[in-house]
Structure formats: C-alpha cells, structure tokens
1. Please verify whether LEU93 is open to solvent by less than 30 Å² (accessible area, probe 1.4 Å), farther than 26 Å from ILE246 by Cα and free of Cβ contacts under 8 Å to residues at least 60 places away in the same chain, treating the condition exactly as stated.
2. Given the residues VAL466, VAL404, VAL449, VAL434, which is the only one that is touching a residue at least 24 places away in the same chain (Cβ under 8 Å) and exposed (fewer than 15 other Cβ atoms within 10 Å of the Cβ)?
3. I'd like to know if region 401-416 contains one or more residues that are closer than 21 Å to TRP285 by Cα, at pLDDT below 95 and aliphatic (A, V, I, L, M).
4. Hey, could you check region 347-368 for residues that are crowded, with 17+ Cβ neighbours inside 10 Å and not hydrophobic (A, V, I, L, M, F, W, C) and say which is farthest from ASP442 (Cα to Cα)?
5. Which residues, counting only those in region 173-211, are part of a loop (DSSP other than H, G, I, E, B) and over 16 Å from ARG252 (Cα atoms)?
6. Select from region 99-118 the residues that are of a type outside the set (S, T, N, Q) and under 25 Å from the mean Cα position of the chain (by Cα) and write down the one among them that is most open to solvent (accessible area, probe 1.4 Å).
7. Please go through region 508-540 and pick out each residue that is within 20 Å of GLU358 (Cβ to Cβ), touching a Lys or Arg at 6+ places or on another chain (Cβ under 8 Å) and open to solvent by less than 60 Å² (accessible area, probe 1.4 Å).
8. Between GLY142, GLY137, GLY179, GLY131, which is modelled with pLDDT under 90, open to solvent by less than 20 Å² (accessible area, probe 1.4 Å) and of a type outside the set (Lys, Arg)?
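The values are calculated or read from the model by the stated rules, or taken from the named source; none is laboratory data. No experiment lies behind these values; they were computed from the predicted model shown. Cβ placement follows ideal geometry from the backbone for every residue including glycine, while neighbour counts extend to all protein chains displayed. Calculation scope for accessible area: heavy atoms of the full protein, side chains included, ligands and nucleic acids excluded. Shrake-Rupley method; radii C 1.70, N 1.55, O 1.52, S 1.80 Å.
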Amino acid sequence: MKDRRKRPPLFLVFRCTLSFLIILVFLFTFSTLRLLFTEKYHPNLLSSWMTSPSEVISSDSLTATSGISVAETVTFPDQVLILLKYPPSTPLLTKDEINCVYYSPNTSLKSRSSPLSIDHQIVRCNLPPRGMIPSVGLKARGDLIPGPTHDWKSLAYEALIDRDNTTVVFVKGLNLRSGKLSNSSKFECVYGSDLTNRQLVLRSEVISIAQEIVRCKTPLSILNFTQKGKINYYFKVSVKIKGRGILGSIARPGFWAEPDPLVLKKHMVCVCTMLRNQARFLPEWVMYHGRIGVERWFIYDNNSDDNVEEVIEVLNDQGFKITRHVWPWIKTQEAGFAHCALRARDFCKWVAFIDVDEFMHLPYGDGLGSVINNQSSRSDVAELRVSCHNFGPSGLKQVPLEGVTVGYTCRLGLPERHKSIVQPDKLNPTLINVVHHFHLKDGFKHVNVDRNLMVINHYKFQVWEVFKEKFYRRVATYVSDWQQEENVGSKDRAPGLGTRAVEPDDWSSRFCEINDTGLRDWVVKTFSDPLTGSLPWQQK
C-alpha cells in the first residue's frame, strides 16, 4: 500500500512536464510557421549568374500551385512589369504563349495587347487604359488573376546580404542627395512576410544610407532562415521613413555576395556595363576588350527587346566569360553598378565601369593588365580614372558595317569625363558612385591616368539612327524620355540639340575637330582577316 501511494504523484509530474513541453513546441512551431508562410512565395525578379531562373523557381516546392499565376506588378511611367509565379518543373513561357490583358474592375470588359517582351518570370506590357488593371493571359490556359500593384516611384526593388551579414537594399522614392551620405537615424529597415502587419514585422538599424542604397543590420532570425547562395523567399525587406511610413517592396534578401573567407581572385580585369538594345554592337566591344586583357564581363540588361541573349550565348561559346543579369529598373545606373561591384568583388581584382560604346584604347599597345599594374604600384591606389574622347558621326549617315572603332574617326578636341577602373573590395561600404566614380574606403585614393598611356574612345555621337535610339531613354540621365524639358543642360544631351527628336541637317558633320585614327589602325592591323580583310564582328 505504501508503494501505491507514492506512484501517482510521480506519474502526474511526468504527465504535466510532458504536456508543458508539447505546448511549448507547438507555440514555437505555430509562431514560426505563421511568420514564414503568412505570405505566399513571390519570385525574385532578377536572374543571377549563380542560379538559373528555372532553378530559382523550382527550388521552393512548399509553395507550388496548380498553375502559373501573377505574383506582383510594378507600374513604370511608360510600361508595367508583371512578375509571374511558376509551379515547380513548369517550362518557362515564351512571348508567343502569352498576351497582356487589361481588366475593368467594375465590368466584364477586357482588352488585350502583345507583350513588349518576356524574360523568364518578367513580362513587360504597355500601360493599361485609364481605369483598367493589367494582368497576363495564357493563350492555351486562360487569363490570370491580377496581382498586387506597386508604384515604381516608391519601392524597395532588390536586396542582398553582404559578407558582413548586413543587408544592402536598393530603393526608389527616398529622393536623397546624389553622392552624399544621409542621416541614417531618420530611417529604419523592416523585414517580414507581410510588411503591412506590424505584429509580423522585424525592425533593424540602418547602418548607412545614400542615393538609392540602404545598408541594414540583418536580424539574426533572417540570417538563420536564409541559406548561403539562395534567396529567402519567405521575407521581404523594405525601408521605413520614420514618421511617414514603409516603402512598398518586392525585395527579398539573399546571400548573393560571397561570404568570408575570401576566395582567390580569378580574374585580373573585369568589366561591368548596363545596356539596352545594344546586341548588334556587343561582339565588337567584347572581342576588342578580350584582346587587350579583359577576362570577364558582367552585363546588366536594362529592358532590351533585341536578341541580346542569343548574342551573349554565341560569344560564350567562343570562349568569352559573359554573364547577363536582368535589371529592368529604369534610371538606376548607379544602383546597378553598386550591385555589380558586390557581385564582381570576389572574382575580379579590378573592374572597369564603361558603356558598350566606350573602348579602352592603349596608344602604346601595352596590355591592359600591365598598364593597370604600373599605375597602381602604390598599395593605396584603388581607382584609376581614365579620360574620355567623344567621337562624332565622322561624316557617316549609316551604321558602319566594319564596326564603330573603324568607322568613326573624328572627335572633339578636349576630353570630357573620366571613367573608372576600381578595386571593388576597396570601395566605401556606402557604395556611393556618381558618373562611374565610386567613393573609396578611408586610406585609399585614385590616380588620373595619362592619356598617352590609356584613354577611352567614347563613340557617343554616332549616326542619327543609333543616337536617337540610345538617347530616347538614356540610362544615365534622370529623365525617362530625352525629349522632356528636364536636365536640358546635362552633358548626356547632345550640345545644341536640346530636346528635339529631329535630325539636324548637318548631324553627320558635327562633333568633328580632330581626325583620330589611332585605334582604327590598331584594330585593322590586329583583327583583319589576312585573305579577305574582313573583321570578325563585321556585319554582312
């Protein structure tokens, strides 16, 4: 009887303890799942050289649906981007399989148009008629329900977690001073699956903020849920302006930048560029720079609708290392270059930031690596600034079949700007850059390269057909259309042209003060076929 009286208390203690542990586990699991899965997966916009778009989509089987759907929509001044969500193992759609659909919210009316382009998950459509909502129609499967819409003027559009575990967020709408560090105490970073629900939002400190780039202290829980080399599909990140509100967001943080320890630099010199509809000029630009010493190219594609993907594929088959990054954001060249600097940092010792119409010319014929080494012999040199000569149409009225380096030989007398070649791991953490120049870490400086050693031939004012296309929606200026009455005095506009989109009668003879055939002569000597005299990129 004595033993019987002792057993019930022990048994009750065990049951109570077990019940308490089960409740704790349930509460933790429920709160975690609530945070993780409150919002369904929306695909990241940007394809990466680390992971193909199909791999990005199919990596998350937890949010698979029975069909393709619209994740989110971003409205621009002249078009909309519709971001699609794919179920696992679904082949990517082509332009012929879809159309843009516009719904009237109060009636059954619909209108349709062909898409401007489709690039993996991103469909570009014309702006909808007034009062209508854009979506996508699948020609073989029916129309898709429209997704939530964001205004491009106020949006966190990209994010990555840096090697120091801070989050770098790229944003529109803060309207900060160009080239200046701003007061970070006026802002805070927010993370969550639903940024409109205060109970699910994690707040963190802003470490630095400048231009369109915000560096945040990443919460430990975000780091724990984010795998190396992957995007975190469960959380968005945005920026809160204290006293005003949170910017809309489609930005999902991920470890795009390589973590410590640093990997061995694979390349001496790389190039970052941003382009739009420059596919026909790409072979000459890549082949030329490959010959003088560039080893890798990072191309940020700013809404091209030509055959740039096919051209890059052909060049890669020929042995050139080129990676294309979809970058649909307009007027974000500085942000794109900062993003590229982070990507290139662990693979390239030096990175040049130039455009596809710019060619680094070495008048003495030295290799690019040798010139860079000689100019940076001091350990505190982290940036080389190279002068630019602006070339004009050189009397031509049609695109030269032999290429720009051979066709255009007349330029302005005085150099205009500088372009930079930098060591990306020596850049200031703010990533501030203006007109291709970055702010450097304390203790490092830049050097101006003598034009006799290296100069950039900038084929800026080409035949009217090329000039008009390039400047219609210039990525380097702060207007969406060069005909707008904004920044009329900018150096990115043609002198004397103003905002008129009409070819002047004397266009072909403009911007011609000095006949400069130095690069032309070297290119013809180096690249010409000895039998036919043709150049490898020459258009037939």
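1. Working: open to solvent by less than 30 Å² (accessible area, probe 1.4 Å): yes; farther than 26 Å from ILE246 by Cα: yes; free of Cβ contacts under 8 Å to residues at least 60 places away in the same chain: yes.
In short, yes.
2. Just one listed residue meets the conditions, VAL434.
3. So far as region 401-416 goes, yes, one or more of its residues are closer than 21 Å to TRP285 by Cα, at pLDDT below 95 and aliphatic (A, V, I, L, M).
4. The selected residue is ASP357.
5. First, the residues of region 173-211 that are part of a loop (DSSP other than H, G, I, E, B): 173-180, 182-183, 193-197, 201, 211.
Of everything in region 173-211, those that are part of a loop (DSSP other than H, G, I, E, B) and over 16 Å from ARG252 (Cα atoms) turn out to be GLY173, LEU174, ASN175, LEU176, ARG177, SER178, GLY179, LYS180, SER182, ASN183, ASN197, GLN211.
6. To start, the set of residues in region 99-118 that are of a type outside the set (S, T, N, Q) comprises 100-103, 105, 109-110, 112, 115-116, 118.
After this cut, where a residue has to be under 25 Å from the mean Cα position of the chain (by Cα) as well, the list is 100, 115-116, 118.
Details: CYS100: 0, PRO115: 9, LEU116: 54, ILE118: 33 Å².
Ranking the qualifying residues of region 99-118, first place goes to LEU116.
7. Scanning region 508-540 gives PHE511, ASP516, THR526, PHE527.
8. Working: GLY142 fails: open to solvent by less than 20 Å² (accessible area, probe 1.4 Å); GLY137 fails: modelled with pLDDT under 90; GLY131 fails: open to solvent by less than 20 Å² (accessible area, probe 1.4 Å).
Only one candidate passes the filter, namely GLY179.
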